[in-house]
Amino acid sequence: MRVIAGEKRGLKLTSPKGDFVRPTADKVRGAIFNTLQNRVPGAVFVDLFGGSGAMSVEAVSRGAREAWVFDIAGASLKTIRDNVTRAGFEDRIAIQKKSADKAAAFLENRGVTCDILFLDPPYAEVPRHVESALAFIQKKIIANDGIILIEHEKSVIMPVALSDFVITKTKGYGITQITYYERGR
């Protein structure tokens, strides 16, 4: 696994050992960020299931102002810290040992508004964690022109709308699908 583009292009990253983490593949990560292109520079990026931290490192490498990465697994948190340190982004990526369910309240208490919200929960838990994205919307933690991305198995039927956010795009990569939500105009 490596950083695809930007300031740290080519930097090798690690992922936790075992099969409890399914890092977003380089190809998929690259495609996601190519789709987001002009939205990343200066953005606040939030990753609710950090795993390896690769998404946040990629975001900051491509010019995000800051990233917030959440996870609860000890092995993931250690890997995220190692990857953030390897990239030299300790001052731009905040790592929190908090569940996705608690992330919105945590950021709300700190006055953080995010531009890009990324969720990559365990595939079997995607329907339950749609509620985590809704909490960000309800607490007004997503910028007016913000975007929500949810990674899931292609077989999962995603809701057409999350409050006032609607599906604007879906992209498939093998069994993986990324669903993009933006505010309805």
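The values are calculated or read from the model by the stated rules, or taken from the named source; none is laboratory data. This one's a predicted model, so the numbers in the text were calculated from it and none came from an experiment. No Cβ is skipped: glycine too gets one built from the backbone with ideal geometry, and neighbour counts run over all protein chains shown.
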Q: Take segment 119-147 and flag every residue that is over 16 Å from ASP101 (Cβ atoms), modelled with pLDDT of 90 or more and either part of a loop (DSSP other than H, G, I, E, B) or not small (Gly, Ala, Ser) (or both).
A: LYS140, ILE142, ASN144, ASP145, ILE147
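Residues checked against (1) within 17 Å of the chain's Cα centre (by Cα); (2) in contact (Cβ under 8 Å) with a residue 24 or more places away in the chain; (3) closer than 20 Å to PRO122 by Cβ; (4) loosely packed, with under 15 Cβ neighbours inside 10 Å:
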position: ILE147; (1), (2), (3), (4): yes, yes, no, no
position: LYS154; (1), (2), (3), (4): no, no, yes, yes
position: ASP164; (1), (2), (3), (4): no, yes, no, yes
position: THR168; (1), (2), (3), (4): no, no, no, yes
Q) Which condition breaks for TYR180 when tested against (1) part of a strand (DSSP E or B); (2) free of Cβ contacts under 8 Å to residues at least 40 places away in the same chain; (3) not acidic (Asp, Glu)? A) (2)
(Q) Going through GLY30, GLY51, GLY6 one at a time, which residue ends up being of a type in the set (Gly, Ala, Ser) and over 16 Å from the mean Cα position of the chain (by Cα)? (A) GLY6
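Conditions tested, residue by residue: (1) aromatic (Phe, Trp, Tyr); (2) more than 16 Å from LEU149 (Cα to Cα); (3) under 12 Å from the mean Cα position of the chain (by Cα); (4) surrounded by 17 or more Cβ atoms within 10 Å (Cβ to Cβ).
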site	(1), (2), (3), (4)
ARG2	no, yes, no, no
ASP26	no, yes, no, no
PHE45	yes, no, yes, yes
CYS114	no, no, yes, yes
PHE118	yes, no, yes, yes
Q | Those residues of segment 16-42 which are at pLDDT 85 or above and in contact with a Gly (Cβ under 8 Å, 6 or more places away or on another chain), in sequence order | A | VAL40, PRO41, GLY42
Q) Could you say whether any residue in segment 102-110 is farther than 20 Å from ALA59 by Cβ, at pLDDT below 95 and touching a Phe, Trp or Tyr at 6+ places or on another chain (Cβ under 9 Å)? A) yes
Q: Determine which single condition SER61 fails, assuming it passes every other condition in (1) in contact (Cβ under 8 Å) with a residue 12 or more places away in the chain; (2) out of contact with any Gly (no Cβ under 6 Å at 6 or more places or on another chain).
A: (2)
Q | Matching option when the condition is without any contact (Cβ under 8 Å) to a residue 12 or more places away in the chain, under 25 Å from ALA105 (Cα atoms) and of a type outside the set (D, E, K, R), among GLY74, GLY51, GLY42 | A | GLY74
